[in-house]
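Values in this text are rule-based calculations from the coordinates and carry no lab data. Keep in mind the model is a prediction, meaning the values are calculated, not measured. Note that each Cβ is placed from the backbone with ideal geometry, even for glycine, and that neighbours are counted across all protein chains shown.
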Amino acid sequence: MNAAITPDVRRVLYAYAVAAAVLSLGAVLHPGFASWTSLRAVLVVAAFTGFVAAGQMLVVLVGGIDLSIPWVLNGAAIVLTTTSLGQSSRLPQALALALGVGALAGFANGMGVAWLGVPAVVMTLGMNGVLQGLSLGLSKGLTCASCGSYAPQPLRDLFVGGVAGIPAALLVWIGVALLMTVLLTLTTFGRRVYAVGVNSRAAFLSGVGVRGVTVALYTLSGVFAALAGIMLVGYGGQPSLGLGDPYLFESIAAVVVGGVSILGGRGHYLGVVAGSLTLVAVTTFLQAQRVPEYGRLMIYGLVILVILFAYGRDKAHD
Amino acid sequence: MRPMSTRSEIPPSAAVLAVRAAGVHRAFGGVQALRDASFAARPGEIHALAGENGAGKSTLIKVLCGLISADRGTVEIFGQQVRRVVEPAARRRLGVATAFQELSLLPDLTVAENLLLQDPPRGRLGLVRRGRLVPTADTILRKYGVDYIDSRATTADLSVAHRQIVELVRVLAQEPRVVILDEPTAALPDRQVEWLAGHMRRLRDAGCCVIFTSHRWREIEQLADRVTVFRNGTQVATRDRISEAEAVTLMSGRTLAGTYPDISALPVGETVLRVDELAGGRLRKVSFDLRRGEILGVGGLAGQGQRDLFLTLFGARRAAAGTVSIGGEQVVIRRPKDAIRVGLGIAYVPEDRKAEGLFLPLSIRDNVALATLSRRSAGGFVRRRAERSAVTSISEQLRIGGGRASNQAVGTLSGGNQQKVVMARWLLTDARILLLFDVTRGVDAATKHDIYQLVADLAAQGKAILFHSSETEEIANLCHRVLVLREGRISAELPGPVGDADQIVAASLKEASDA
């Protein structure tokens, strides 16, 4: 084995190769597919997947999972519009509140998993249900007086327009990618995350605060989900019920297609970036091919399975 | 329960071997558990397997009954080759039944369900007749004279001794041609040992081959027709009679003189660690002092509280009572993080590297640096240059991996190098007190020698070292003093270097037979 190309790096490269292959195929079959407008759309849509997948990846790295993403995202989106009431002056407080909701939900998830020993699947699924109920109840099924509010104009300008022709979602995504990479590879925290993910008992015996690390990661996952919610209302103007539903499957798929081990301890965010791009490229390509909805879903699922199968074979050689 | 095999299958001639293993090799990761091991047992004999912990007895048993496969070599049961792993049903067809040391009962099932798990009473259509479970199990329990065990009880609720008995009854009830019992008496009180001995003799007289292991020499002398002694993964002798003294010599195996560094010349300083009436887990009020520059051995039979002592001192398990003082000041260590702190400076090198020490897919650098990350960081960032130089210098000092790149995954290293990686992590913490728990387990001879020298050097530098090893010989030769633990208490203290491992083994054995 070449020492420079570890299996982890190889998977990241695979993920980019697949993304590139899908995009080239689209470009050949559809002349408009490779245009900047079209690519730009792919990138923006992939950015939203990328945000939630960042949080999902962090908990998957320690062998966990976050199933509360859909309603943390949705809840944060609703909190943003109902508290800002579309007024620019209220934007900072509304942003803080929306992110705070995400952080709080994630923190509760982390405490449940790390201190109470609740299995991650159960804890986060329960949290998803609680937040769904809260969102529906407090907004009376999104019919409350303030529920018709739009996101404040500056936020909408930013995400609909962009900065110097570059979509804001894309800029934020680049920021998130940098942050994730720095966090995981250059900080002591990142080192501890991988140690906990690979062998939590040995990490504990090496003086790592395993519980603290776990709580921090779930909290971050909540923040990333809230961030995605904020940007989705910035993009679309108003929240809807079920806004976050597609993102549970997509976040998990992007993480595993990006080469992160679902068992924890291995993977890079750059792989997850490629995973997000691949998923969106496949969807866009199938739409361009005018494949009907049911066919798209089937092919989408199959593509993920094929990619994972390839990883599984790769792993057998390690 | 139907018999699994009929007696008529047993060849009439005793010249045919019941069990034959030849040239068996078996490794786990980098650890060679069996090397060129051979073993033979006849029908109609009780054959004891003796040896220290880690000598390869349990591995041999697993290979013999087809639970794991041998890397090389042949295994035959009544002349029939056992290749690869054998499924339970096929194992019973071979006529082999095994009671494992780590019991194979399912804790959440009832005694009846466990007893009849492999062969439940069936009705038409092959469905299990649950109504017949309890009566059938009761019949079996009565047949083996243990009807004091309630077949409807949940297995987890039984005492360890009763669980052991259920495991044994399950094996006996299969009426096998070859019975293998791994440490069957470890958890049994005397009266049940007699009960088991009776059944072993009955099976032998019926022409069955009975193989068992025990750490109690008295049992081996009373029960066994022949004894095979194992050491370091291979058999060193098979005899009809072996005296205890001779067996101890065979089991511990004298290493050539000069293998161990001379520690008697090393000066011992003031008390660094004082442990007072420490209890918790298996520990019952243990008190001792550990001095600067001292290597204090902790010996005794396996599982007498040694592990709990080490883990409690390191904060990895809670103490139920007692106090620990370091440098004259009483300290409370709640978790390993506290123990590692510069002020206390305790390091624990675990026995089971893979489970407790290593991060196999991560690099040498990540593994070595982990316990001291925050000491080489600025604002939460790793100071990479400082890290590189620290890792490089300690790697060179310990000669890790023959100068392999520090970004190499630890999983690719040999067992000896992996152990050095764990040692390196703890040496970087600059601890004053080192808790070395069986650090030479599964390590090749050359690395063992390196580690002995390293331990002596560390003591010479003034470290206080608590040393446990499953190889009693190491404790005998490498320690200034030896504490013998028995049932969580210190039962003897021997001045060192003891030199003669037999003394420690004798001290532990004598105490155990009194129990």
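Legend: mean number of C-beta atoms from other chains within 10 angstrom of residue C-beta atoms, peptide B:366-373, equals 5. For the protein assembly as shown, the direction-averaged projected area of the alpha-carbon convex hull comes to 42.2 nm². Per-residue shielding of B:379-385, expressed as the average number of other chain Cβ atoms within 10 Å of the residue Cβ, stands at 3. Rg/Rh for segment B:361-428 stands at 0.95; both radii use Cα atoms, and Rh follows the Kirkwood definition.
Applying the Kirkwood pairwise sum to the alpha-carbon positions of segment A:212-279 produces a hydrodynamic radius of 13.3 angstrom. Shielding of peptide A:188-195 by partners, expressed as the average count of other chain Cβ atoms within 10 Å per residue Cβ, is 6.
In terms of other Cβ atoms within 10 Å, B:Asp500, A:Asp66, B:Asp240 run from fewest to most in the order B:Asp240, B:Asp500, A:Asp66. When B:Ile364, A:Ile69, B:Ile295, B:Ile433 are sorted by how many other C-beta atoms sit within 10 angstrom of their C-beta, beginning with the fewest, the order is B:Ile433, B:Ile364, B:Ile295, A:Ile69. Our coupling estimate for segment B:300-311, obtained by passing each phi through the Karplus curve with A = 6.51, B = -1.76, C = 1.60 and θ = phi - 60°, is x, 5, 5, x, 9, x, 4, 5, 5, 4, 5, 5 Hz, Gly and Pro reported as x. Once backbone amide H atoms are built at 1.01 Å from N, B:Ser491 has B:Val484, B:Leu485, B:Arg486 as its partners under 5 Å, excluding neighbours fewer than 5 places away on the same chain.
Selection among A:His268, B:Ile340, A:Gly258 by position relative to the dipole of the protein assembly as shown gives A:Gly258 as farthest towards the positive end (Cβ unit charges, Cα centre).
In order along segment B:262-269, the phi-based Karplus estimate (6.51 cos²θ - 1.76 cosθ + 1.60, θ = phi - 60°) of 3J(HN,Hα) comes to 7, 9, 5, 7, 6, x, 10, x Hz; Gly and Pro are listed as x. Note that segment A:46-62 has calculated 3J(HN,Hα) couplings of 5, 4, 4, 4, x, 5, 5, 5, 4, x, 4, 4, 4, 6, 5, 4, 9 Hz, one per residue in order, obtained from phi through the Karplus relation 6.51 cos²θ - 1.76 cosθ + 1.60 (θ = phi - 60°); glycine and proline are x.
What the Cα convex hull of segment A:69-158 gives, in volume per residue, is 87 Å³.
When the Cα centres of segment A:89-165 and segment A:166-241 are compared, how far apart do they sit, in Å? Taking the Cα centre of each part, segment A:89-165 and segment A:166-241 sit 16 Å apart. For chain B, the longest principal axis of the Cα atoms and the long axis of helix B:160-173 meet at an angle of about 40 degrees. The order of the peptides A:214-222, A:54-62, B:464-472, B:131-139 by mean Cβ neighbours within 10 Å, most packed first, is A:54-62, A:214-222, B:464-472, B:131-139. Treating only the Cα positions of segment A:52-202 as identical point scatterers, give the base-10 log of I(q)/I(0) from the Debye formula at each q in 0.21 Å⁻¹. Rounded to two decimals, the profile gives -1.32.
Remark: chain B carries a charge dipole of roughly 1780 debye about the Cα centre, counting +1 on each Lys and Arg Cβ and -1 on each Asp and Glu Cβ. A dipole drawn for chain A from +1 and -1 charges on Cβ atoms has a positive end, and of A:Leu178, A:Cys144, A:Ser35 the residue lying farthest that way is A:Leu178. What's the center-to-center distance, using Cα atoms, between segment A:23-72 and segment B:37-84 in Å? Rounded to whole Å, the Cα centres lie 56 Å apart. Principal-axis analysis of the Cα atoms of chain B puts helix B:130-143 at an angle of about 90° to the longest axis.
Label positions at B:Gln80 and B:Val16, each projected 7 Å from the Cα along the C-beta direction, are separated by 1.1 nm. Helical content alone sets the calculated 222 nm signal of chain A at -24500 deg cm²/dmol, taking -39,500 (n - 2.57) per DSSP H segment of four or more residues and averaging over every residue. Residues A:Arg90, B:Arg142, arranged from fewest to most other Cβ atoms within 10 angstrom of their Cβ, appear as B:Arg142, A:Arg90. Using only the Cα atoms, work out Rg/Rh for chain A, with Rh taken as the Kirkwood radius, to two decimals. Looking at chain A, the ratio lands at 0.97.
Amide hydrogen proximity for B:Ile211: with H placed 1.01 Å from N in the peptide plane, the residues at 5 or more positions away or on another chain lying under 5 Å are B:His47, B:Val179, B:Ile180, B:Leu181. Amide H contacts under 5 Å for B:Tyr348: B:Leu435, restricted to partners 5 or more places along the chain or on a different chain, H placed in the peptide plane at 1.01 Å from N. Taken along its principal axes, the alpha carbon cloud of chain B reaches lengths of 73, 46, 44 Å, longest axis first.
Packing, taken as the mean count of other beta carbons within 10 Å per residue, orders the peptides A:121-128, A:139-146, B:165-172, A:269-276 from highest to lowest as A:269-276, B:165-172, A:121-128, A:139-146.
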